[in-house]
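Quick one: the structure is below, questions incoming.
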Amino acid sequence: MADSGAIRADAGARAGATPRQVAAVVAGNALEFYDFLTYAYFAVQIGRSFFPSADPSSSLLASLATFGVGFGMRPVGALVIGRLGDRFGRKPAMLLSFGLMGLGMTGLALTPSYAQIGVVAPVLAVAWRLIQGVALGGEVGPATALLAEAAGPGRRGLYVSFQLGGQRAASLAAGLIGLALSSHISASALDAWGWRAAFLAGTVIVPVGLVLRNSLVETLSRAPADEPPAPGASVARIAGLALVMLSGGTIGAYVVDYLTTYATTTLHMGSSVAFFAPVASGLAGVTFAPLGGWLSDRIGRRPVMLGSWSLMLLGVMPMFMLLEHSRSALTLILLSAALTALGVVMFSAALAAVGEGLPMRIRSGGLGLIYALAISAFGGTAQFVVAWLTRLTHNPLAPAWYLTGAVAVSLLATLAFPETAPVRAAGRLDRLSSARIPA
């Protein structure tokens, strides 16, 4: 048996991933995010099922706290599964994370309600969320590393963006299912079994995902890296700045995912109208994620990130004010689509940049851990925080203030982040060579 240290990347994979390989990564990643996003969209109904209370806001907060519990396990998943991806290969790590997610989402969907089994119900709900947190924490690092390594230097941003596009496709699927359920069954049926049906719809894809992932070509190599790091791109600097950048990005992503709950609980819009938010978010994400990755491959990671952050900083408050004033489906759709478009453009460039800044030997675990820490500390708490701030201040613009602050801090971190895109690095080296060689 060959030693794990002797793993070599397949030459064909290094030259460029096949459409089947990209589809295997994206489809599995999308299903894992479908589960997490479905919980966010049905937080109200899940709260009533597992955390009944005379005060609806207390039930919602308990449900959102359980949603956040899963994020607390993401660093564990990143450390364990991500490290396995660096030691034994990206493929086995991704198979493990996918299997755990299938187990967690099936278990949650089949757990009886509080009315049926009492306090055991919320205990089981928390346990399933912990398993899902480990799975998703271990997913991002190996999947992003595999896509970046299979793409080659000139297409890393584009290939990594397919992962984000898949996540938004999951948002679209979850939103369409939620819209269909809320439009065709009663509110009581949605509480009793509708949200469970949404979860079980995802579990049908688990066997297909496992088969697809088993067909992946390994990209992990023990060969020395053939590209020098960008100037100033030490591992410590990359990790610290990336943690701040991705924290703002995850806050933005989960505030967008909260808009379905925000529309019904804070703005008192109908459930069928509220589910237009994830549909709009999904369409925008699928459309703009590849654009962000493509642009970052051609003009550099930093310009794309800085442009996205700047537009978001200027636009968040006016867009929320417009929604609060009109409370219409159209403004909800526009807000969801605009924030998602800017977010996925930024994330496509950011994930490629962080991956490029980390050596291959720690790329899977390092990227996964940075992302997991950011999302567990800030993304996982975002929905609870904005719901709590709204309740505390009685101000419907509380989510906008929170998101604006996060964007401002992340913008500052991006200004200090080194450029890692090969196209910009090559230009910098050419200028240095021209300056040193006399005519």
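What is the number of the single condition among (1) at pLDDT below 75; (2) over 30 Å from L389 (Cα atoms) that F88 does not meet?
(1)
Follow-up question, since we're still on this one. Considering every residue within the stretch 346-357, establish whether at least one is over 30 Å from V235 (Cα atoms) and assigned to a helix (DSSP H, G or I). Before the answer, list the steps.
Going residue by residue through the stretch 346-357, those that are over 30 Å from V235 (Cα atoms) are none.
No, the stretch 346-357 has no match at all.
If you take the residues of the stretch 92-134 that are of a type in the set (V, I, T) and assigned to a helix (DSSP H, G or I), which of them is farthest from W195 (Cα to Cα)? Don't jump to the end; show me each part of the working.
Of the residues in the stretch 92-134, the ones of a type in the set (V, I, T) are 106, 111, 117, 119-120, 123, 126, 131, 134.
In the following step, the residues that additionally are assigned to a helix (DSSP H, G or I) were identified as 106, 117, 120, 123, 126, 131, 134.
Numbers: T106: 12, I117: 18, V120: 19, V123: 19, V126: 17, I131: 19, V134: 22 Å.
So the residue we want is V134.
Further question on the same structure: Looking only at the stretch 52-61, which residues are surrounded by fewer than 20 Cβ atoms within 10 Å (Cβ to Cβ), closer than 20 Å to T390 by Cα and touching a Ser or Thr at 6+ places or on another chain (Cβ under 8 Å)?
Scanning the stretch 52-61 gives S53, P56, S57.
Please go through (1) closer than 30 Å to P92 by Cβ; (2) surrounded by fewer than 24 Cβ atoms within 10 Å (Cβ to Cβ); (3) out of contact with any Gly (no Cβ under 8 Å at 6 or more places or on another chain) for L351 and return the number of the only condition it doesn't satisfy.
Exception for L351: condition (2).
While we're here: In the set T250, T261, which member is β-branched (V, I, T), in contact (Cβ under 8 Å) with a residue 24 or more places away in the chain and over 30 Å from S364 (Cα atoms)?
Working: T250 fails: over 30 Å from S364 (Cα atoms).
Among T250, T261, only T261 is β-branched (V, I, T), in contact (Cβ under 8 Å) with a residue 24 or more places away in the chain and over 30 Å from S364 (Cα atoms).
Quick one: count up the residues across the stretch 135-157 that are assigned to a helix (DSSP H, G or I) and surrounded by fewer than 24 Cβ atoms within 10 Å (Cβ to Cβ). Walk me through how you get there before you give the answer.
First pass over the stretch 135-157, keeping only residues assigned to a helix (DSSP H, G or I): 135-137, 140-151, 153-157.
Of the ones still in play, those that are also surrounded by fewer than 24 Cβ atoms within 10 Å (Cβ to Cβ) are 149, 153-155.
Looking only at that region, the number is 4.
Considering each of A173, A180, A198 in turn, give the residue that is at pLDDT 80 or above, of a type outside the set (F, W, Y), more than 27 Å from R363 (Cβ to Cβ) and out of contact with any Gly (no Cβ under 9 Å at 6 or more places or on another chain).
On the way: A173 fails: out of contact with any Gly (no Cβ under 9 Å at 6 or more places or on another chain); A198 fails: out of contact with any Gly (no Cβ under 9 Å at 6 or more places or on another chain).
Being at pLDDT 80 or above, of a type outside the set (F, W, Y), more than 27 Å from R363 (Cβ to Cβ) and out of contact with any Gly (no Cβ under 9 Å at 6 or more places or on another chain) holds for just one of A173, A180, A198, which is A180.
Give the stretch 389-408 a look and list any residue that's out of contact with any helix residue (DSSP H, G or I) (no Cβ under 7 Å at 6 or more places or on another chain) and hydrophobic (A, V, I, L, M, F, W, C), or say none. Full working, then the answer.
Taking the stretch 389-408 first, the residues out of contact with any helix residue (DSSP H, G or I) (no Cβ under 7 Å at 6 or more places or on another chain) are 392-395, 401, 405.
Those that are out of contact with any helix residue (DSSP H, G or I) (no Cβ under 7 Å at 6 or more places or on another chain) and hydrophobic (A, V, I, L, M, F, W, C): L392, W401.
Something else about it: State whether the residues of the stretch 375-382 include one that is at positive phi and surrounded by fewer than 19 Cβ atoms within 10 Å (Cβ to Cβ).
For the stretch 375-382, residues at positive phi and surrounded by fewer than 19 Cβ atoms within 10 Å (Cβ to Cβ): absent.
If you don't mind, there's one more thing I want to ask. Look at S171 and say whether it is in contact (Cβ under 8 Å) with a residue 40 or more places away in the chain, assigned to a helix (DSSP H, G or I), touching a Phe, Trp or Tyr at 6+ places or on another chain (Cβ under 6 Å) and among the polar types (S, T, N, Q). Quick ask: steps written out before the conclusion?
Details: in contact (Cβ under 8 Å) with a residue 40 or more places away in the chain: yes; assigned to a helix (DSSP H, G or I): yes; touching a Phe, Trp or Tyr at 6+ places or on another chain (Cβ under 6 Å): no; among the polar types (S, T, N, Q): yes.
No: the conditions fail for S171.
The values are calculated or read from the model by the stated rules, or taken from the named source; none is laboratory data. In this text the structure is predicted, and so the values were computed from the model without any measurement. No Cβ is skipped: glycine too gets one built from the backbone with ideal geometry, and neighbour counts run over all protein chains shown.
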